[in-house]
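Structure record follows, encoded as structure tokens.
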Amino acid sequence: MNRLRCLWAGGLLLGTVSLQPAHAVDVRAIRLWAGPDNTRVVVDLSGSAQHNLLLLHNPERAVLDVPGAHLAKSAHGAPRGAGAVKTVRMSRSPSGNFRLVLDLARPIQAKSFLSSPNAHYGYRLVVDLAGANSVTRAADKPMKAKHAPSDARDLIIAIDAGHGGEDPGAIGMNGTREKDVVLAIARELALKINAEPGMKAILTRGGDYFVPLRDRMRRARAQQADLFVSIHADSIRDRSIDGSSVYILSQRGATDEASRWLAERENASDLIGGVSLDDKDDVLASVLLDLSQSASLNASQVAAERVLHQLTQAGEVRKHEVQQARFMVLKSPDIPSMLVETAYISNPQEELRLRTPVHQAKLAAAIHQGVHDYFYANPPQGTRIAQLAAANSARPVLATAGGAGGASQ
């Protein structure tokens, strides 16, 4: 098994180093994806390879050496710079290795790793570049929304478009990529949420770039989200299967996450309901975490049922009950979270519908209505939605002749 490790020396990051012996491989392509807080560079290879990553200063640059590798004749030139990368240069090092030089716009943190083949790509060397404050300022800025009055706050809805960047997600028979479809639906959902007084949307990714799964959770928590909704479009071997489904975190997934938080709490700055775990003994920390998770899971179930009901009204539903799974993005202990599989992109008819703005808007409208219904039935105290819900319930119902509002006089 190819083992990787990260080394530090003299203040410079020596990137991951494969323990396998070097052998000749082709560099087939170099791709670059830039997000608001991180930049990912991917080197497509014909096989496994050793590599070394080094950060240099004055000027700032990252140097990736791949021993024994050479640029394939079919490879295109270096991509244009974007994000933290000003320019990308390729050459051969004095020792004959393939060398990739990334001229950087600012000092960064970097890590690299060798990724094994998957359904879409072969071996890849991945270089992730991030600023020092990327975790704390990771969330995209919320779209402009109607602001709550000074005595009440807006609800924050975190909308997570799955996949992105080098990860296309599922791909339909006609080449439709899941990452593109779900981003379009997420943007449409954000517009609908922001059009409603008392609600504000944030996107965990606002463009075609990759965001690690735990960073998606952190972005929602950094914005103090009241609800997390992850948007996907599933695929399955049987192309006749269609319909939507909604997931929340399974109890096993919650237990696994609780163990992780308890094990790492001394080094973590995360909070549970506004209370830090790092200074609590095991029993108290476990109780606080259990209370937070239980409340979050219960709210997730109720909110997911509302969304699933609206999806049932909007079209075909594959599973008529809320499902449970151990999806990583659903593991925030203090944020109600759900994952919506909007359709099966592997189904040819659903793939065609998913490509159309009309159907994307229809799915977004169903999710939005479910979110709306949940919060008006369960308005958090101190929010504008709580004020509006109270005003609606206090409003008298006028009787009309022959109408449902009451008997005619």
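Could you please find all residues in region 155-167 being in a loop (DSSP other than H, G, I, E, B) and either within 13 Å of the chain's Cα centre (by Cα) or buried (at least 23 other Cβ atoms within 10 Å of the Cβ) (or both)? Listed by number, the residues that qualify are Gly162, His163, Gly165. Is at least one residue of region 111-122 open to solvent by less than 20 Å² (accessible area, probe 1.4 Å) and modelled with pLDDT of 90 or more? Yes, region 111-122 contains at least one residue that is open to solvent by less than 20 Å² (accessible area, probe 1.4 Å) and modelled with pLDDT of 90 or more. Among all positions in region 220-232, there is at least one residue which is part of a helix (DSSP H, G or I) and either open to solvent by 10 Å² or more (accessible area, probe 1.4 Å) or in contact with a Leu (Cβ under 8 Å, 6 or more places away or on another chain) (or both). Cβ separations smaller than 6 Å between residues 6+ apart or across chains give the following pairs from region 188-216 residues that are touching a residue at least 24 places away in the same chain (Cβ under 8 Å) and open to solvent by less than 20 Å² (accessible area, probe 1.4 Å) to residues that are among the polar types (S, T, N, Q) and not in a loop (DSSP other than H, G, I, E, B): Ala201/Asn194.
Where residues in region 343-385 are open to solvent by less than 10 Å² (accessible area, probe 1.4 Å), assigned to a helix (DSSP H, G or I) and of a type in the set (Gly, Ala, Ser), which of them is nearest to Ile231 (Cα to Cα)? Filtering first and then ranking leaves Ala364. Can you give me the number of residues within region 64-99 that are more than 15 Å from Val43 (Cβ to Cβ) and modelled with pLDDT of 85 or more? Final tally of qualifying residues: 7. Note on region 170-195: among residues that are in contact with a Leu (Cβ under 9 Å, 6 or more places away or on another chain) and in a loop (DSSP other than H, G, I, E, B), the one that is farthest from Pro348 (Cα to Cα) is Thr176. Reported count of residues in region 170-187, each being within 19 Å of the chain's Cα centre (by Cα) and either open to solvent by 10 Å² or more (accessible area, probe 1.4 Å) or acidic (Asp, Glu) (or both), is 8.
The values are calculated or read from the model by the stated rules, or taken from the named source; none is laboratory data. Computed from a predicted model, the values in this text were never measured in an experiment. No Cβ is skipped: glycine too gets one built from the backbone with ideal geometry, and neighbour counts run over all protein chains shown. Accessible surface is based on the protein model in full, side chains and every heavy atom, while ligands, DNA and RNA are left aside. Shrake-Rupley method; radii C 1.70, N 1.55, O 1.52, S 1.80 Å.
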